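Before any comments, here is the structure.
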Amino acid sequence: MGLTIKWGKERFYLDLPPPETKLATVRQFIADQTHLPKDAFKMIHAGGVMKDDSAPISAYGLKPKSNITVIGSGELPPSRPGGVGAKSTERLTEQSTIATIRSELEGLRGTLVPALEKFLLNIQSDAKTLAADAEQEHARIAELLLQCLLRLDTLSPEGEWVDARKERKVAVKEVQSLLDRLDGAWKAARNSNSNVPSSAL
């Protein structure tokens with residue numbers, strides 16, 4: 001098993017390179033697949049942004065079945081007032097940054113997670129006869145999770161803000177885990193349903 005590269009709704013697969021391989025090699029592969037300039041996207045793994053292209057992939061803990069989420073610089077969703085990504089004339093403090101991150105997660109857990117759990121229950125209990133709108137609901141939830149991830153990505157805690165950086169990493173990891181659950185369950189449901197069009201695979 002290799003690496004799974006997630007870019008929006010697209011999925012790419014790369015055989016896991018040797019541990020000493022530079023991250024730049026993975027970035028070049030992603031650039032070739034997405035046709036994005038190499039400096040126009042970020043790579044996120046296990047809640048952290050992979051920044052140093054000169055570092056070996058072993059430094060980022062990549063292993064078989066690891067997922068890398070790709071975020072293009074032009075994909076940031078519109079900011080919402082008072083939410084993550086909202087611009088303010090006031091300088092953010094570490095505590096306000098932490099509060100913003102927690103607010104984002106509270107909104108996620110209060111609205112989107114219940115919708116996700118309901119969707120997973122529905123497709124797992126009736127995988128052989130997926131409803132016609134199942135693909136649309138999958139796409140909707142995936143898009144909202146990705147937007148949450150993108151909003152969190154707009155935050156750049158100051159270097160000395162250790163607590164804020166930890167909060168952000170944990171939050172990103174939580175959202176990524178939800179995306180992984182959604183994708184895994186949807187893939188399993190599609191594989192057991194021969195009636196799903198190949199275009200939805």
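Rule-based calculations on the coordinates, nothing more; no lab input. This is a predicted model, so every value here is computed, not measured. All Cβ positions, glycine included, derive from the backbone under ideal geometry; neighbour counts span all protein chains shown.
In nm, give the distance between the simple-model label positions of Lys173 and Gln33, each being 7 Å from the Cα along the Cα-to-Cβ direction.
2.4
What does the extension gain come out to for Ala59 and Glu135, with contour length at 0.36 nm per residue minus their alpha carbon separation?
Length difference between fully extended and current span is 23.7 nm.
Kindly write out, for region 178-186 in residue order, the coupling ³J(HN,Hα) from the Karplus curve 6.51 cos²θ - 1.76 cosθ + 1.60 (θ = phi - 60°), rounded to whole Hz, with x marking Gly and Pro.
Values per residue, Gly and Pro as x: 5, 4, 5, 4, 4, 5, x, 5, 5 Hz.
Checking a compactness column here: for region 3-71, what do you get for Rg(Cα) / (2.2 N^0.38 Å), N being the number of residues?
Scaled against compact globular proteins, the figure is 0.97.
Net charge near Arg102, counting Lys/Arg +1 and Asp/Glu -1 over other residues with Cβ under 11 Å of its Cβ?
Value of the local net charge: -1.
Under 15 Å from a label point 7 Å along Cα→Cβ of Arg181: give me every residue in region 97-120 with its amide N that close.
Zone members listed by number: 105-120.
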